[in-house]
Amino acid sequence: MRLAQCRSATALLSALFLAFLAGCSSPTSSSVSAGAASDTATTERNTTSILNRDGRGQLLIPIGSNEPTEAQRRAERQRQSTTQGLVPEGRAYLGSIPCETAACSVQRVTLTLLPDGRWRKVSQPLSPAGAIRTESGCWTAEAGTPPYIHLQPTAQASDRSGQSARSGQSDLATLRMQSPAVLSVQTLGTQKLAHRYTLNIQADTESIRALQNDTSFFCPAQG
């Protein structure tokens, strides 16, 4: 009888002890869950704070700057230009041609053409020797076999006022493209050349890069 009572008391004490342990562990579990929920809420708030909303309340995730790079601008100008693909990449031509004025008789010229319609000419008078002169502007193409290239000042290219860009009246020079590597000079200003003068393509990456990096002027899309 006494043995049975001891066993019953032992079982009761064991049950009470297990209940006590369960009660002690519950707050810890709740605390961990609450902490995890708090961390999740904080993460959601931080994530939402970097999002933008449009006028309809939709979330917009910023991917990066929408400002186009200079390379993208250059590609867009090339896409819009109507230079008929005569110059698919920057090219530099070199040769000796007559001077436009009586100040000299012969000049050494480096002419750089870009697909976006820009050109630059660096001339060095040879007879008599003189200072280097640099000019730049926009060029247009005239369909033909072979095609023609017209060098124009920037002001004329920017203000066409409905007039033909290929009238030739204000061209600084007109060249005939005999081949992608050879330009035959036809006129210099109002002077029509009687003899054959050519500019030949050169591996002059420095002149091409200098004009590509020049942001002082751009040529409008021509139509």
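Throughout, read-outs are computed from the coordinates displayed, never taken from laboratory work. Fair warning: this is a prediction, and the values are worked out from it, not measured in the lab. Reconstructed Cβ throughout: ideal geometry from the backbone, glycine too, with neighbour counts over all protein chains shown.
Give me the distance in nm between label points sitting 7 Å out from Cα along the Cα-to-Cβ direction at ALA210 and THR187, one decimal.
2.8 nm
Can you work out the Karplus-derived ³J(HN,Hα) for every residue in region 172-185? Use 6.51 cos²θ - 1.76 cosθ + 1.60 with θ = phi - 60°, whole Hz, and x for glycine or proline.
6, 6, 10, 10, 9, 8, 5, 7, x, 9, 9, 10, 9, 6
Near THR110, within a Cβ-to-Cβ distance under 12 Å, what is the net charge of the other residues, with Lys and Arg +1 and Asp and Glu -1?
+2
Using a ≥ b ≥ c from the Cα gyration tensor of region 85-212 (square roots of the eigenvalues), is it rounded, prolate or oblate, where a/c under 1.5 gives rounded and otherwise the larger of a/b and b/c decides, a/b for prolate?
Numbers: a/c = 1.38, a/b = 1.19, b/c = 1.16.
Since a/c stays below 1.5, the shape of region 85-212 is classed as rounded.
Could you give the nm distance between label points at ALA103 and GLN178, where each point is 7 Å from its Cα heading toward the beta carbon?
2.9 nm
Roughly what would the spin-label model give for ARG133 and GLN72, points 7 Å off Cα along C-beta, in nm?
Inter-label distance under the simple model: 4.1 nm.
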